[in-house]
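The values are calculated or read from the model by the stated rules, or taken from the named source; none is laboratory data. Note that this is a predicted model, so its numbers are computed, not measured. Glycine gets a Cβ as well: all are built from the backbone with ideal geometry, and neighbour counts include every protein chain shown. Areas reflect the complete protein model, heavy atoms only, side chains present, ligands, DNA and RNA absent. Shrake-Rupley method; radii C 1.70, N 1.55, O 1.52, S 1.80 Å.
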Amino acid sequence: MNQRTVYLIDDEKEMLDMLSDVIEVTGLTVQSYSHAGHFFEQVQTFEHDAILVLDLNMPDIDGIEVIRRLSTMSAPPALILMSGHDSGVLHAAEKLGRAQGLEIIAYIGKPINLKKFKKLLTSTVLEASKLAAIESTDSGPNFEELQWAINHEQLVLHYQPQFSLSTNSIIGVEALVRWQHPKLGLLYPERFILLAEQQGLIGDLSHWVVENAIKQRQQWHDEGLDILVSVNISSVDITSSTLLEHLTELLENNQLDPMMLMLEVTESALMDELVSSLEILTRLRLKGVGLSIDDFGTGYSSLSQLHRIPFTELKIDRSFVANINNDEEAKAIVKTCIILGHELNLQVVAEGVETQEQAKVLMSFGCDIAQGHFYSKPVIADEITATYVPSA
Ligand code: C2E
Ligand code: MG
Ligand code: MG
């Protein structure tokens, strides 16, 4: 059983009792306080995986003050925020907490749905134990292994279909890299892209990805499936001319119409390299390839900055799409991104579409393209062939 401690601060006695019961049922240890003052008197240090469930509206020391005090402590707990106010207040408190370096697991409105609360706790604990398991069994891949993998075909591309929302048919695929590691199994990009960037291997990795994605797209073209292919490039690729040079060669050698290739750059990579990337991105665009801003909405870019780069596509981050049916703010953000994209003459893609309800709302907002588990998970090339090549 997991002996993780959950601290609970709420000035309402009944609420404390109810939430304590739920926490105990989940198998966690609970310590509850009806005054934040008592909490700070009695608890000065936390176990590394402690959780604090915090009511924001309390008469003496309120939740915002608690957040401020926690941020000055050396190893503060992760927070679940609660409030009876509208979601705007919770959202603001969440931002404040994050800005002060705290981990915010979730924010929940009152009255609390106890079933949802229990689910939230269970999934948080589960995630943490999965992470701990990975950390304890795996010292992580290293430079030599990754270099070997790039040069010896240990990398694999999976492809996720992109669907036109107006015709409901496949118009493209996004290539997503995986690493078939001999000891650690199939590794996802979050386990090795950073390593590649930090160790100077990302240029070679991106070259491999672009080359293989182009070849695969040409093979599908020859088989009668004419679709666009998107690849992800990193912040390093947009500041050196290596990719640009390779691309010229690859387009020629494979006789690919550059319009059928889309390069995705995350908004946060752009923000890091805004000035130095302008030249490379403009030159890539001049070659005729498409440029997409990936994970849009998460990178704090300003519109005037984005306008300077010749993008052709905007991909709305999946965190907004995920909440489009249950959060009015997320819905407003998605709608505004679509209008903005269209005003700037960009094609708009929604990523992470998981339900038909989400697809319907996106369609009603005039979004052009959808990608996500509702349509298909990323799959191996053969599966794309079997499903979408007309005669296959
Ligand atoms: P991304 O470009 O935003 O790719 C979308 C990610 O969302 C993929 O994760 C995909 O599997 C996942 N996804 C797609 N549909 C859904 C859905 O409906 N629900 C949910 N929850 N997730 C969905 P993946 O493959 O783990 O890739 C993560 C990130 O790694 C990518 O985010 C991209 O930024 C980066 N990446 C992937 N391949 C490459 C690559 O070849 N080069 C570089 N530099 N980065 C890559
Ligand atoms: Mg992408
Ligand atoms: Mg994305």
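Structure values in brief
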| read-out | value |
| --- | --- |
| Given (1) assigned to a loop (DSSP other than H, G, I, E, B); (2) open to solvent by less than 20 Å² (accessible area, probe 1.4 Å); (3) not aromatic (Phe, Trp, Tyr), index of the condition residue 366 fails | (2) |
| Residue in segment 339-346 that is more than 19 Å from the chain's Cα centre (by Cα), under 20 Å from residue 267 (Cα atoms), in a helix (DSSP H, G or I) and within 16 Å of ligand 3 (Cβ to nearest atom) present | yes |
| All positions within segment 360-382 that are in contact (Cβ under 8 Å) with a residue 24 or more places away in the chain, more than 17 Å from residue 347 (Cβ to Cβ) and of a type outside the set (Ser, Thr, Tyr) | 361, 377, 378, 379, 380, 381 |
| Identity of the residue in segment 295-338, closer than 19 Å to residue 271 by Cα and of a type in the set (A, V, I, L, M), that ends up nearest to ligand 1 (Cβ to nearest atom) | 316 |
| Residue in segment 369-381 that is nearest to ligand 1 (Cβ to nearest atom), counting only those that are over 11 Å from residue 165 (Cβ atoms) and buried (at least 18 other Cβ atoms within 10 Å of the Cβ) | 372 |
| Filtered residue count, segment 264-289, keeping only those that are free of Cβ contacts under 8 Å to residues at least 40 places away in the same chain, out of contact with any Gly (no Cβ under 6 Å at 6 or more places or on another chain) and within 13 Å of ligand 1 (Cβ to nearest atom) | 4 |
| Selection within segment 173-188 - open to solvent by 30 Å² or more (accessible area, probe 1.4 Å), in a strand (DSSP E or B) and either more than 16 Å from ligand 3 (Cβ to nearest atom) or over 21 Å from residue 371 (Cβ atoms) (or both) | 180, 186 |
| Which listed residue is open to solvent by less than 40 Å² (accessible area, probe 1.4 Å) and at negative phi, from 257, 294, 272 | 294 |
| Long-range neighbours under 6 Å by Cβ, at least six apart or interchain, first residue within 12 Å of ligand 1 (Cβ to nearest atom) within segment 182-200, second open to solvent by less than 30 Å² (accessible area, probe 1.4 Å) and among the hydroxyl-bearing types (Ser, Thr, Tyr) | 197/234 |
| Of residues in segment 115-131 being surrounded by fewer than 13 Cβ atoms within 10 Å (Cβ to Cβ) and at pLDDT 85 or above, the one nearest to residue 4 (Cα to Cα) | 119 |
| Residue in segment 220-243 that is over 26 Å from residue 353 (Cβ atoms), more than 25 Å from the chain's Cα centre (by Cα) and either within 16 Å of ligand 3 (Cβ to nearest atom) or buried (at least 18 other Cβ atoms within 10 Å of the Cβ) (or both) present | no |
